[in-house]
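Undergrad: Sharing a structure below in structure tokens format, with a few things to ask.
The values are calculated or read from the model by the stated rules, or taken from the named source; none is laboratory data. As the structure is a computational prediction, the values presented were derived from the model and not from experiment. Every residue, glycine among them, receives a Cβ derived from its backbone with ideal geometry; neighbour counts consider all protein chains shown. Ligands, DNA and RNA are stripped out before the accessible areas are found, and what is left, the full protein with its side chains, is counted by its heavy atoms. Shrake-Rupley method; radii C 1.70, N 1.55, O 1.52, S 1.80 Å.
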Amino acid sequence: MSFKLGLTGSIGMGKSTTAKMFAEAGCAVWDADAAVHRLYSRGGKAVPAFERDFPEAVIDGEVSRAALKLIIGRDPTALKRIEEIVHPLVGEDRADFIAHATADILVFDIPLLFETGGNAAMDAVATVSATAEIQKQRVMDRGTMTEAQFEAIREKQMPDAEKRARADYVIETDTLDHARAQVQAVIDDIQGKLRNA
Ligand SMILES: CC(C)(COP(=O)(O)OP(=O)(O)OC[C@H]1O[C@@H](n2cnc3c(N)ncnc32)[C@H](O)[C@@H]1O)[C@@H](O)C(=O)NCCC(=O)NCCS
Ligand SMILES: Nc1ncnc2c1ncn2[C@@H]1O[C@H](COP(=O)(O)OP(=O)(O)OP(=O)(O)O)[C@@H](O)[C@H]1O
């Protein structure tokens with residue numbers, strides 16, 4: 001049996017960067033956002049449901065995030081309906097990954113792990129964290145969201161302090177070297193547990 005490590009953290013806290021560090025260290029990584037990208041792409045499994053419920057969001061055979069953001073901006077309740085389409089399909093993608101993965105540590109990069117109760121299916125959870133100032137700066141620097149869109153998402157997410165309190169491991173993403181050292185410490189700790197199991 002592989003060890004399932006959930007990797008979470010609020011928007012812009014450094015999940016993707018940290019997930020890459022786990023992959024470089026030999027863990028198998030499943031990425032919830034990447035799964036959503038696959039589902040939204042041409043031929044993706046979410047496209048027919050969006051064609052039915054949000055036809056204006058499907059452009060050239062794929063679900064357009066820009067169009068979705070406009071729809072959500074107009075009608076905030078749309079996000080819940082979008083999630084009802086997306087989350088079961090994401091669950092199928094994850095089950096498929098678990099069925100085929102062979103590494104001893106499987107890492108699940110899931111932004112909304114605590115919010116969706118997905119932590120119950122994990123053996124442990126690591127939260128990535130940085131200050132609120134760094135978080136906002138990173139998201140604004142990316143240039144894909146307005147400040148209002150960022151605040152709306154941040155409000156929906158569990159506060160960083162609560163994620164830190166609930167996690168088994170906290171990874172500070174202040175510098176790349178510091179984060180890499182903490183990733184290795186988490187792996188060493190889990191491998192110690194696997195040896196003693
Ligand atoms: C709202 C959308 C269109 C924004 O797209 P965009 O490319 O600008 O941002 P991206 O997808 O990279 O999201 C950035 C971050 O926002 C946060 N976020 C995204 N969706 C949500 C949500 N439904 N609730 C809370 N936070 C969210 C996450 O931390 C995520 O990593 C897109 O995120 C989407 O379609 N979301 C609905 C699907 C979903 O629930 N995804 C969450 C992962 S399962
Ligand atoms: N340990 C770190 N040290 C310095 N900068 C970092 C670190 N981790 C991430 N960053 C920087 O922060 C920004 C956001 O990182 P990343 O894309 O990994 O965040 P994320 O949590 O996956 O974001 P989102 O949830 O919004 O998708 C990037 O510009 C990245 O280079």
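Undergrad: Can you pull out every residue in region 46-86 that is outside any helix (DSSP H, G or I) and open to solvent by 70 Å² or more (accessible area, probe 1.4 Å)?
TA: Ile59, Asp60, Glu62, Pro76, Thr77
Undergrad: What are the residues in region 120-137 that are polar (S, T, N, Q) and either within 13 Å of ligand 1 (Cβ to nearest atom) or open to solvent by 40 Å² or more (accessible area, probe 1.4 Å) (or both), if any?
TA: Of the residues in region 120-137, the ones polar (S, T, N, Q) are 127, 129, 131, 135, 137.
Of everything in region 120-137, those that are polar (S, T, N, Q) and either within 13 Å of ligand 1 (Cβ to nearest atom) or open to solvent by 40 Å² or more (accessible area, probe 1.4 Å) (or both) turn out to be Thr127, Thr131, Gln135, Gln137.
Undergrad: Another question about this same structure. Identify the single condition in (1) assigned to a helix (DSSP H, G or I); (2) away from ligand 1 (no atom under 12 Å from the Cβ); (3) more than 21 Å from Gln182 (Cβ to Cβ) that Lys20 does not satisfy, given that it satisfies every other one.
TA: (3)
Undergrad: For Met140, state whether it is farther than 20 Å from Val170 by Cβ, within 9 Å of ligand 1 (Cβ to nearest atom) and either modelled with pLDDT under 95 or surrounded by fewer than 17 Cβ atoms within 10 Å (Cβ to Cβ) (or both).
TA: Working: farther than 20 Å from Val170 by Cβ: yes; within 9 Å of ligand 1 (Cβ to nearest atom): no; either modelled with pLDDT under 95 or surrounded by fewer than 17 Cβ atoms within 10 Å (Cβ to Cβ) (or both): yes.
No; evaluated as a whole, the condition is false for this residue.
Undergrad: Can you tell me which of (1) open to solvent by 50 Å² or more (accessible area, probe 1.4 Å); (2) β-branched (Val, Ile, Thr); (3) within 23 Å of Val86 (Cα to Cα) is the one Val107 doesn't meet?
TA: It is condition (1) that Val107 fails.
Undergrad: Being polar (S, T, N, Q) and under 30 Å from Ala120 (Cβ atoms) is the filter here; which residues of region 43-91 pass it? Write out each step before concluding.
TA: Taking region 43-91 first, the residues polar (S, T, N, Q) are 64, 77.
The one that is polar (S, T, N, Q) and under 30 Å from Ala120 (Cβ atoms): Thr77.
Undergrad: Let me ask another. Out of the residues in region 87-104 that are open to solvent by 30 Å² or more (accessible area, probe 1.4 Å) and β-branched (Val, Ile, Thr), which is farthest from ligand 2 (Cβ to nearest atom)?
TA: Filtering region 87-104 for residues that are open to solvent by 30 Å² or more (accessible area, probe 1.4 Å) and β-branched (Val, Ile, Thr), the one farthest from ligand 2 (Cβ to nearest atom) comes out as Thr102.
Undergrad: Take the conditions more than 9 Å from ligand 1 (Cβ to nearest atom) and either β-branched (Val, Ile, Thr) or under 19 Å from Ala152 (Cβ atoms) (or both) and apply them to Ile59. Does it pass?
TA: Numbers: more than 9 Å from ligand 1 (Cβ to nearest atom): yes; either β-branched (Val, Ile, Thr) or under 19 Å from Ala152 (Cβ atoms) (or both): yes.
For Ile59, the condition - more than 9 Å from ligand 1 (Cβ to nearest atom) and either β-branched (Val, Ile, Thr) or under 19 Å from Ala152 (Cβ atoms) (or both) - is met.
Undergrad: Moving on to the next point. Leu194: at pLDDT 95 or above and open to solvent by 40 Å² or more (accessible area, probe 1.4 Å), yes or no?
TA: Working: at pLDDT 95 or above: no; open to solvent by 40 Å² or more (accessible area, probe 1.4 Å): yes.
Judged against the criteria, Leu194 is not a match.
Undergrad: Could you tell me whether Leu5 is within 13 Å of ligand 1 (Cβ to nearest atom) and either outside any helix (DSSP H, G or I) or open to solvent by less than 20 Å² (accessible area, probe 1.4 Å) (or both)? Talk me through it step by step, then tell me what you get.
TA: Values: within 13 Å of ligand 1 (Cβ to nearest atom): no; either outside any helix (DSSP H, G or I) or open to solvent by less than 20 Å² (accessible area, probe 1.4 Å) (or both): yes.
The answer is no for Leu5.
Undergrad: Being closer than 27 Å to Lys45 by Cβ and modelled with pLDDT under 95 is true for just one of Ile153, Ile85. Which residue is that? Write out each step before concluding.
TA: Working: Ile85 fails: modelled with pLDDT under 95.
Selected residue: Ile153, the only one of Ile153, Ile85 that is closer than 27 Å to Lys45 by Cβ and modelled with pLDDT under 95.
Undergrad: Still on this model: Between residues in region 20-45 that are open to solvent by 50 Å² or more (accessible area, probe 1.4 Å) and residues that are assigned to a loop (DSSP other than H, G, I, E, B), which pairs lie under 6 Å by C-beta distance while being six or more apart or on different chains?
TA: Filtered contacts from region 20-45: Arg38/Gly44; Arg42/Gly61.
Undergrad: Answer with yes or no whether Ala126 is within 15 Å of ligand 2 (Cβ to nearest atom), more than 14 Å from Gly6 (Cα to Cα) and modelled with pLDDT of 95 or more.
TA: Numbers: within 15 Å of ligand 2 (Cβ to nearest atom): yes; more than 14 Å from Gly6 (Cα to Cα): no; modelled with pLDDT of 95 or more: yes.
So Ala126 does not fit the description; no.
Undergrad: Provide a single number: the residues in region 124-138 that are in contact (Cβ under 8 Å) with a residue 12 or more places away in the chain and either of a type in the set (Ser, Thr, Tyr) or farther than 26 Å from Gln184 by Cα (or both).
TA: Step one: filter region 124-138 for residues in contact (Cβ under 8 Å) with a residue 12 or more places away in the chain, giving 124-130, 132, 134-136, 138.
With the extra rule that they be either of a type in the set (Ser, Thr, Tyr) or farther than 26 Å from Gln184 by Cα (or both), the set shrinks to 127, 129, 136.
Summing the residues that are in contact (Cβ under 8 Å) with a residue 12 or more places away in the chain and either of a type in the set (Ser, Thr, Tyr) or farther than 26 Å from Gln184 by Cα (or both) in region 124-138 gives 3.
Undergrad: Sticking with this structure for a sec: What number of residues within region 148-184 satisfy the criterion of being away from ligand 2 (no atom under 14 Å from the Cβ), open to solvent by 90 Å² or more (accessible area, probe 1.4 Å) and without any contact (Cβ under 8 Å) to a residue 12 or more places away in the chain?
TA: So the answer is 1.
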